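The values are calculated or read from the model by the stated rules, or taken from the named source; none is laboratory data. If you're wondering where the values come from, they're calculated on a predicted model, not measured in any experiment. Here the Cβ positions follow ideal geometry from the backbone for every residue, glycine too, while neighbour counts run over all protein chains shown. These area figures cover heavy atoms from the full protein model, side chains too; ligands, DNA and RNA do not enter into them. Shrake-Rupley method; radii C 1.70, N 1.55, O 1.52, S 1.80 Å.
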Amino acid sequence: MCIPLLIPEPLTAQAPGLDPRVSELLARMTLEEKVGEMTQLTLQAVSATAASDTSVHTLDPTTLEDAVVRHHVGSILNVWDAAFTVEHWHEVITTIQDAARRKRLPIPVLYGIDAVHGHNYLQGGTLFPQNIAMAATWNPDLVRRANEITAYEVRASGIPWNFSPVLDIGRQPLWSRFFETFGEDPYLASVMGVAAVEGLQGENVGDPIRVAATAKHFLGYSVPHTGKDRTTAWIPERRLREEVLPSFAAAIDAGVRTVMVNSGDINGVPVHADRRILVDLLRDELGFDGVVVSDWEDIIKLHTVHRVAASRKEAVAIAIMAGVDMSMVPLELEFTEHLVELVREGVVPESRIDEAVSRILDLKFDLGLFDDPYPDPTLAGGIGSAEARSVSRLAAEEAITLVENRGGLLPLRRGSRVLVTGPGAHSVAALHGSWTYTWQGIQESVYPADVITPLEAIRREFGEHQVTYVPGAGFHTMLDVDEAVRAARDADVAVVVLAEEPSTEKPGDIHDLMLSDAQRTLALEIAATGTPVVVVLLANRPRVIRDVAEVAGAVILAYQSGPHGGEALADVLSGDANPSGRLPFTYPRYTGDLMTDDHRHAERLDGHNGWNGFRPQWPFGHGLSYTRFTYDNLHVHQSELDIGDTLRVSVDVRNAGKRAGKEVVHLFVSDVYASVAPPVRRLRAFTKVELAPGEHRTVTLAVPVSELAFVGLDGSWIVEPGSFVAAVADQRSTFVVRAIEDAVESIPQKPRARAKATSPSPAGLGQSWRDG
Ligand code: BGC
């Protein structure tokens, strides 16, 4: 046995501030009832049939009764790979809550679901672009509104808890869930993550059109060393705090109600077994007071996969003592039996159970489940509204990122003869990505009949007779490449829609970041005809396409932009829409050059001994427009700042072209010298503006100086005095942060940006000559 020796402080259930309704209820509960509250089963475990066939899915009254009434199971999740109608959801939720009423203490069941890009398990629900595409819009208002709509539709189905947003940082392009992230940058991911949490939860999570959000997957899930899902992440403390933690810290500050744990391990310690992460960091440092739910089967996997527990029972003890409040078991009831035994044997103190159950009950009260746990039928009519669809449509359009446009190939001339080819051209699955009606999203037969593919949208936009379609290649195989090449010769332009087969989690593990040979061959052979090629990419992650990018006239990243992605793409091709998406990650040119924008100077090696240096295919923040924006007059309001001040940077942005367009204004700040090698630059603020032709606007971006902090030599956040450079596009200016000891007193000390004024470091002292 290797049961942790640390015993938690007893009974926060009695802690001041606890809702008296919770303590009263807790006092009446038996141990079995409490442990049941900590148990979460999947719908499949209480269903009579495989729920993947929605036409025949029914709950199994016997297993449901056994789980909910006899074993007091407090939470149920998901579907088994099927989207239900709203009526079926109502039936399912109502039957489950009816069962809960038959318990000795009729505590309602907390139902949770993955509605990660809209309510993807609801027929007729509104789907949005995947998070990476939402990040590419650089428009937090769109993220907030999309999540408000998702909250409405999830609640309208009778479900009060959403396992969203993913706040893992997208810095490992190989990782299969890259598309679920808001990209590589901690600041961008924090802004978008907060917008998502606010959209889902609103001011009051008990509002009948809001749901509890989940910050997942705490912590370090997205940066596995090998790139494979649910594998070891080696994360030094500085990287953990500067890159991986901020999006979670921001969501916790914004009041996110639940956190889901990373299925993998950090530095060899499975996070489900790591009290330092789940209690010391999450609770004590970040102040999270909500529910911590495990991920799928992950307590069992402490024994079967990670091998830190010699038995499944020991795994339960380890995870509960490490800070997991609810186990997504999710298929059987052994967890409850083991946990009851562990308490009776004195291995797990009952105070720890009370702590976990208090949090769960508190959430159930706040969600209003004790007042009314049943679906509100009056909400159903608002599902899939025209307004919801228009938000999705706008998000798809604002996401689309034009990264190459040689010789102004785009927009295409009306009347052009267009060849459309490639595996993404006529695939609704490639347009949506995973978590769409089914887990992997690849079962096209369950998609709504009215969703159109890029091909269909291009035909509508350019006219049936102008558009030829040849499949060309599948995701991994060549089909009729020769025919596509012949067709290209007769066309004015070829739109080659390259795509990655949607996948997520383990099924999405890959060995090579290059896009398949078959797809690249298709694009290269078409380009060799001399017909201009527009490459469109629909992908889970930035697949390397260096050879194709070199010969393409234009390249468009359309991500997985959802049901309106085809129309948005066609509008960009024709010029009806002016692209305004910007890359939320660094697009690699080589599989061996996986770097992020905030790399260190030593990683650049620019021009040094002829080494390649940092030369991504397309840099973070990049994206073209059909108009031209120019920048002028960058002005730092105060050239010398104290630690408690706010940096204000103004810049004039002009639309110097002939059509209206949206521009993302990024403020990057570089710490010129520091005691820890500083990144070349870091994104510190951004905004998106829309300008008419000829219009100019002075944009001011503000950053508290304390937010310029980094994790110093002693592991705490620090702003070292000295010179900094503020840069917006091609404009830059230097400012100085002064060393004033007392100023620190006036700064709110947040764990994620604990700013300290210190005496000048050796680097700081040398600033006058070093900064030159
Ligand atoms: C995923 C989670 C998801 C859960 C429930 C897991 O496999 O990692 O993101 O919320 O399943 O579906």
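Residue pairs whose Cβ atoms lie under 7 Å apart, sitting 6 or more positions apart in sequence or on different chains, and linking a residue in segment 203-217 that is under 29 Å from N262 (Cβ atoms) to a partner that is within 13 Å of the ligand (Cβ to nearest atom) and among the acidic types (D, E), are H217/D168; H217/D295. Taken over segment 97-113, the criterion of being in a loop (DSSP other than H, G, I, E, B) and open to solvent by 10 Å² or more (accessible area, probe 1.4 Å) is satisfied by R102, K103, R104, L105, P106.
Listed by first and then second residue, the pairs with beta-carbon distance under 8 Å, at least 6 apart or on different chains, first residue in segment 150-162 and free of Cβ contacts under 8 Å to residues at least 60 places away in the same chain, second acidic (D, E), are N162/D114.
A488 meets all of the listed conditions (1) in contact with a Leu (Cβ under 8 Å, 6 or more places away or on another chain); (2) within 16 Å of the ligand (Cβ to nearest atom) but one, namely (2).
Listed by position, the helices (runs of 4 or more DSSP H) enclosed by segment 238-338 that each have at least 1 residues that are more than 16 Å from the ligand (Cβ to nearest atom) and either at pLDDT below 95 or under 20 Å from the mean Cα position of the chain (by Cα) (or both) are 246-253. Just one residue in the set S351, S327, S358 is touching a Phe, Trp or Tyr at 6+ places or on another chain (Cβ under 9 Å), at negative phi and touching a residue at least 60 places away in the same chain (Cβ under 8 Å); that residue is S327. Apart from one condition, T54 fits all of (1) within 22 Å of R155 (Cβ to Cβ); (2) modelled with pLDDT of 70 or more; the exception is (2). Residues that are within 22 Å of L77 (Cα to Cα) and small (G, A, S) were ranked within segment 123-136; the one that is farthest from the ligand (Cβ to nearest atom) is G124. One residue stands out among those in segment 150-196 that are of a type in the set (A, V, I, L, M, F, W, C) and open to solvent by 10 Å² or more (accessible area, probe 1.4 Å): the one that is nearest to T258 (Cα to Cα), which is V194.
Taken as a whole, the structure leaves E404 outside the set of residues that are charged (D, E, K, R), under 12 Å from P563 (Cα atoms) and either under 25 Å from the mean Cα position of the chain (by Cα) or not in a helix (DSSP H, G or I) (or both).
Of everything listed in (1) more than 16 Å from the ligand (Cβ to nearest atom); (2) surrounded by 23 or more Cβ atoms within 10 Å (Cβ to Cβ), the single unmet condition for G368 is (2). Before we move on, is G183 more than 15 Å from the ligand (Cβ to nearest atom), of a type outside the set (S, T, N, Q) and within 23 Å of A115 (Cα to Cα)? Yes: the conditions hold for G183. The condition (being within 15 Å of the ligand (Cβ to nearest atom), touching an Asp or Glu at 6+ places or on another chain (Cβ under 9 Å) and not hydroxyl-bearing (S, T, Y)) is satisfied by just one residue among N120, N139: N120. Return yes when T529 is open to solvent by 20 Å² or more (accessible area, probe 1.4 Å) and touching a Lys or Arg at 6+ places or on another chain (Cβ under 7 Å) and no when it is not. So T529 passes the test.
Checking the structure you have, find out if any residue of segment 67-75 is free of Cβ contacts under 8 Å to residues at least 40 places away in the same chain and over 28 Å from G384 (Cα atoms). Yes, there is a match, as at least one residue in segment 67-75 is free of Cβ contacts under 8 Å to residues at least 40 places away in the same chain and over 28 Å from G384 (Cα atoms). Here K216 meets the list (1) of a type in the set (K, R); (2) open to solvent by 10 Å² or more (accessible area, probe 1.4 Å); (3) within 16 Å of the ligand (Cβ to nearest atom) almost entirely, failing just condition (2). Condition check: surrounded by fewer than 19 Cβ atoms within 10 Å (Cβ to Cβ) and farther than 25 Å from F179 by Cα. Does R489 satisfy that? Yes; evaluated as a whole, the condition is true for this residue. When each of R615, R628 is tested for being at pLDDT below 95, surrounded by fewer than 17 Cβ atoms within 10 Å (Cβ to Cβ) and among the basic types (K, R), the lone residue that passes is R615. Within 16 Å of the ligand (Cβ to nearest atom) and more than 15 Å from A430 (Cβ to Cβ) - does that describe any residue in segment 492-505? Yes: one or more hits. Count of segment 623-671 residues, restricted to those that are over 13 Å from E690 (Cα atoms) and of a type in the set (A, V, I, L, M, F, W, C), is 11.
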